[in-house]
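First the structure, in the form of C-alpha cells, and then the observations on it.
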Amino acid sequence: MGKIKIAFFDAKDYDKQSFVNSNANDEFEIIYLETRLTEDTCKLAEGCDVVCVFVNDDVNRAVIDRMQQMGVKLIALRCAGYNNVDIEYAYGKIHVVRVPAYSPYAVAEHAMALLLTSIRRIHKAYIRTKDFNFSLNGLTGFDLHGKTVGVVGTGKIGRIFIDICRGFGMNVIAYDKFPAKDSGIEYVAMDELWERSDIISLHCPLTEENRHLINADSIAKMKKGVVIINTSRGALIDSDALVEGIKARHVGAACLDVYEEESNVFFHDYSNHIVNDDTLARLISMPNVIVTSHQAFLTNEALANIADTTLENVREFFVKDTCTNEVCYKCANLNNCKQTHGKKCF
C-alpha cells in the first residue's frame with residue numbers, strides 16, 4: 001500500500017517537531033491541522049486513513065459517523081485518556097488506539113512541582129524578587145515531611161508520585177477501585193482518604209462513575225487547609241464547589257494542571273482577550289491557586305514517546321493487522337481482554 005494518510009488535529013509546534021522526527025523516513029503523510037476536531041471540522045479529514053487527536057478533541061457520535069462515512073479506519077489518540085471518545089459507539093465502526101504510557105514520570109514530577117511551588121510560595125517569591133522585593137512576609141510554607149498524602153488512582157503515574165512522596169518522608173494512603181497487588185501501598189476507603197489526608201492528588205482516569213469525584217460533599221469531609229492537586233482530568237473536580245471550598249477557607253490550596261471546561265481555553269494564547277469563563281477567572285485570581293495549562297505531559301522524553309508510540313500504533317494496525325493498544329468498550333468496561341490480546345477488537 002502507499003503512504004498512510006493521517007489528519008493530525010489540534011497540532012502545536014512541539015507536536016509537529018516530535019512527529020517529524022519520528023517520521024524521519026516519511027513513511028506517513030501527515031496533514032497538520034491547528035483546529036480541534038469537532039462536528040464542524042471533521043470534514044478536514046476527507047481522504048485520510050487515520051485521524052490523530054488529543055485530549056480536547058471531541059470524538060462524539062456525530063464525528064464517528066462522519067469519519068466512518070469518509071472511510072477513516074483508525075482514530076489514534078496521542079494520549080492515555082480516552083474520555084473524549086465515545087468508545088462504545090465507535091465499536092464495530094472505527095478502531096481506536098491510544099498511548100497508554102508515554103512518560104508517567106513527567107506527570108508525577110509535575111504534580112510534585114505544583115505542590116512544592118504552592119506550599120513554599122515559589123511563584124510569589126519569583127515575582128517579588130523580579131521587582132527587587134526581598135521581603136519574606138507572607139511566604140511562610142510548611143514541611144512535607146510527616147504529612148499524609150492521599151493518592152486517588154495507583155496506576156503507573158500514581159505509583160511514581162507515591163515513590164516521590166515517600167522520598168520526602170510523607171505518609172501515603174491511597175484509593176483505587178482496582179488496588180495494585182503486592183505494592184506495599186496502604187489502601188483505604190474513599191471517605192477515610194478524604195478525612196485523613198493533608199494533601200490529595202488525583203491520578204485516576206475520568207469515567208462517568210467518578211465525574212465530580214471532588215464536590216461539595218467530599219470537600220466537607222476533608223481536613224481544613226487541605227491541598228488538592230489534579231494532573232489527571234478536569235471533570236474529576238466540581239470547579240464551582242472547589243471555588244466555594246476555597247472561599248470558605250476550608251481548602252487551603254489547589255494545584256490544577258487540568259480544568260473541566262478547558263477545551264476552548266487551554267493550549268491557546270488569550271493574553272490579549274477577555275476569558276468568558278467566570279469560574280476559571282475566579283480560580284486564577286485566588287492567591288492560593290496555581291493553574292498550569294495541561295502541561296504535565298510536556299517533556300522532551302514524553303513527546304518523543306508519544307510520537308513513536310502513536311505512529312507504531314498506526315503501523316501495527318495497517319501493516320501487521322494487530323492492535324496492541326486498542327481501546328474498546330469491552331476492554332474498558334467488561335475487563336474481558338485487558339489489552340493483552342494483540343488482535344483487533346472487532
Pair list, Cβ < 8 Å and 6+ apart or interchain, from the range 280-292 residues that are touching a residue at least 12 places away in the same chain (Cβ under 8 Å) to residues that are open to solvent by 20 Å² or more (accessible area, probe 1.4 Å) and part of a loop (DSSP other than H, G, I, E, B): 280/261; 280/265
Within the range 165-187, does at least one residue satisfy the condition of being under 29 Å from residue 303 (Cα atoms), touching a residue at least 40 places away in the same chain (Cβ under 8 Å), touching a helix residue (DSSP H, G or I) at 6+ places or on another chain (Cβ under 7 Å) and open to solvent by less than 20 Å² (accessible area, probe 1.4 Å)? no
Residue 94 versus (1) farther than 22 Å from residue 252 by Cα; (2) out of contact with any Asp or Glu (no Cβ under 9 Å at 6 or more places or on another chain); (3) open to solvent by 20 Å² or more (accessible area, probe 1.4 Å): which is the lone unmet condition? (3)
From the list 301, 244, which residue is open to solvent by 90 Å² or more (accessible area, probe 1.4 Å), in a helix (DSSP H, G or I) and in contact (Cβ under 8 Å) with a residue 40 or more places away in the chain? 301
Mind listing whichever residues of the range 220-231 are more than 17 Å from residue 118 (Cβ to Cβ) and either buried (at least 19 other Cβ atoms within 10 Å of the Cβ) or in contact with a helix residue (DSSP H, G or I) (Cβ under 6 Å, 6 or more places away or on another chain) (or both)? 221
Test set (1) in a loop (DSSP other than H, G, I, E, B); (2) farther than 28 Å from residue 297 by Cα; (3) among the acidic types (Asp, Glu) - residue 217 fails condition number: (1)
Can you name the condition, by its number, that residue 92 falls short on among (1) part of a helix (DSSP H, G or I); (2) more than 20 Å from residue 205 (Cβ to Cβ)? (1)
Output for the range 131-146, where each listed residue is surrounded by fewer than 18 Cβ atoms within 10 Å (Cβ to Cβ) and closer than 19 Å to residue 200 by Cβ: 141, 142, 143, 145, 146
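The values are calculated or read from the model by the stated rules, or taken from the named source; none is laboratory data. Everything quoted here is computed from the prediction, not taken from an experiment. Cβ coordinates were reconstructed from backbone atoms using ideal geometry, including for glycine residues, and neighbour counts include every protein chain displayed. Only protein heavy atoms, including side chains, enter the accessible area calculation; ligands, DNA and RNA are left aside. Shrake-Rupley method; radii C 1.70, N 1.55, O 1.52, S 1.80 Å.
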